[in-house]
Amino acid sequence: MSMETILIRYRVRAEHLSEHLLLLRAVHEEVARVRPAGLRYVTLQLDDERSFVDIAMAPELPGPLPGLESFRRYRPGLENRCEERSTSGFTVLGSYGFGP
């Protein structure tokens, strides 16, 4: 099965960090509960605590994320919560423990 991939890197404004973490946790909790078929989704919080990297993989993106109630609460204010944001595709050249 062919997978589309996207990597999103962003830095959250200090005054929005607590709100962002609550919204993000809700998304990951709903994904874990719903278990959308074919979706692989990870969020990394970097050591500065305000920078994040999201990686999403699915047969077709944006996949099931926009249909989740928690994602519909998370997404609208993202630009206002962030002081910088970039998005790019990528190709997995090799991996260990992340599946095929």
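Where a number appears in this text, it was derived from the coordinates with a stated rule and is not lab data. Keep in mind the model is a prediction, meaning the values are calculated, not measured. Note that each Cβ is placed from the backbone with ideal geometry, even for glycine, and that neighbours are counted across all protein chains shown.
Using Cα atoms only, what is the angle between the long axis of helix 17-34 and the major principal axis of the chain, expressed in degrees (0 to 90) to the nearest 10? In the chain, helix 17-34 runs at an angle near 30 degrees to the longest axis.
For the pair T5 and E60, label points projected 7 Å from Cα toward Cβ lie 2.1 nm apart.
The fewest-to-most ranking of F71, F90 by surrounding Cβ atoms within 10 Å reads F90, F71. Entry note, the chain: the mean residue ellipticity at 222 nm calculated from DSSP H runs of n ≥ 4, each adding -39500 (n - 2.57), is -8000 deg cm²/dmol after division by the residues and rounding to the nearest 500.
Annotation note: GluC sites (Glu not before Pro) in the stretch 55-100 located in DSSP loop regions with a Cβ neighbour count of at most 11 within 10 Å are E60. This model, with +1 at the C-beta of Lys and Arg and -1 at the C-beta of Asp and Glu, gives the stretch 1-46 a dipole about its Cα centre of some 120 debye.
Translational diffusion of the chain, estimated by Stokes-Einstein from the Kirkwood radius over alpha carbon pairs at 37 °C in a medium of 0.692 mPa s, is 230 µm² per second. A Förster radius of 22 Å combined with the Cβ-Cβ distance from T91 to T43 puts the calculated FRET efficiency at roughly 0.60.
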